[in-house]
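Have a look at the structure below before the remarks.
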Amino acid sequence: MFDTHRFATAMIEDATPETATFYGLQLNADAPLHLPCVVIDVTGATDVANGRLYDAANFTVNVQVYGDDVTDTYDVALLIWETVREFWRRGYKNDYGYISHIRVNSTGPVQTPSTLDADDSARFDLLFNLVARATTPKE
């Protein structure tokens, strides 16, 4: 079965620049000490009609980038946006699968009110609506 959470976590971690801290699926309490930082949410998967059953999924990855400077935070978010799109063009694979398609309703960096407990923190969100497939056959 295709593992959307592990696939998305590995993909966004690979796309996160070294200047940012990647937290994965849960923002830690010490995040204000490690800005800029990145956290993701992954929606539940729906089946893909073509191909082997359970070998692919439609799902959404919401990426939140937090920082203490609006421009720097935007730059990290934009780099993740560009990197994931380049991953798709280059045929990126990780241990869990590969990007088959990025849907046109995906959105680049959008400034969003920060939910971080830090004064003057900035937040940008990205949304990747993906079709991804496993790299190994179903067992």
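The values are calculated or read from the model by the stated rules, or taken from the named source; none is laboratory data. No experiment lies behind these values; they were computed from the predicted model shown. So basically every Cβ, Gly included, is an ideal-geometry build from the backbone, and we count neighbours across all protein chains shown. Note: areas computed on protein heavy atoms with side chains; ligands, DNA, RNA excluded. Shrake-Rupley method; radii C 1.70, N 1.55, O 1.52, S 1.80 Å.
The set of residues in the stretch 1-29 being of a type in the set (A, V, I, L, M), modelled with pLDDT under 95 and not in a loop (DSSP other than H, G, I, E, B) is empty. The residue that is nearest to A134 (Cα to Cα), among those in the stretch 60-75 that are among the hydrophobic types (A, V, I, L, M, F, W, C) and open to solvent by less than 20 Å² (accessible area, probe 1.4 Å), is V61. Between A57, A10, the distinction of being touching a helix residue (DSSP H, G or I) at 6+ places or on another chain (Cβ under 7 Å), farther than 23 Å from A122 by Cα and either of a type in the set (G, A, S) or surrounded by fewer than 18 Cβ atoms within 10 Å (Cβ to Cβ) (or both) belongs to A57 only.
When R52 is tested against the conditions (1) charged (D, E, K, R); (2) outside any helix (DSSP H, G or I); (3) closer than 19 Å to D125 by Cβ, the lone failure is (3).
Name the pairs: first residue in the stretch 33-60 and over 23 Å from E13 (Cα atoms), second residue surrounded by 15 or more Cβ atoms within 10 Å (Cβ to Cβ) and of a type in the set (K, R), Cβ to Cβ under 8 Å, at least 6 apart or on different chains? Close Cβ pairs satisfying both conditions: V48/R133; G51/R133.
Picking from residues in the stretch 98-115 that are part of a strand (DSSP E or B) and among the small types (G, A, S), the one that is farthest from M1 (Cα to Cα) is G108. Looking across the stretch 1-30, the residues that are of a type outside the set (A, V, I, L, M, F, W, C) and closer than 16 Å to L130 by Cβ come down to D3, T4, H5, R6, T9, E13, D14.
Annotation for the stretch 76-83: at least one member residue is exposed (fewer than 15 other Cβ atoms within 10 Å of the Cβ) and not β-branched (V, I, T). Considering the stretch 106-119, and only residues there that are modelled with pLDDT of 95 or more and open to solvent by 40 Å² or more (accessible area, probe 1.4 Å), the residue that is farthest from the chain's Cα centre (by Cα) turns out to be Q111. Considering the stretch 19-37, and only residues there that are out of contact with any helix residue (DSSP H, G or I) (no Cβ under 8 Å at 6 or more places or on another chain) and among the polar types (S, T, N, Q), the residue that is surrounded by the fewest Cβ atoms within 10 Å (Cβ to Cβ) turns out to be Q26.
Quick check: anything in the stretch 66-74 in contact with a Leu (Cβ under 6 Å, 6 or more places away or on another chain) and outside any strand (DSSP E or B)? Yes.
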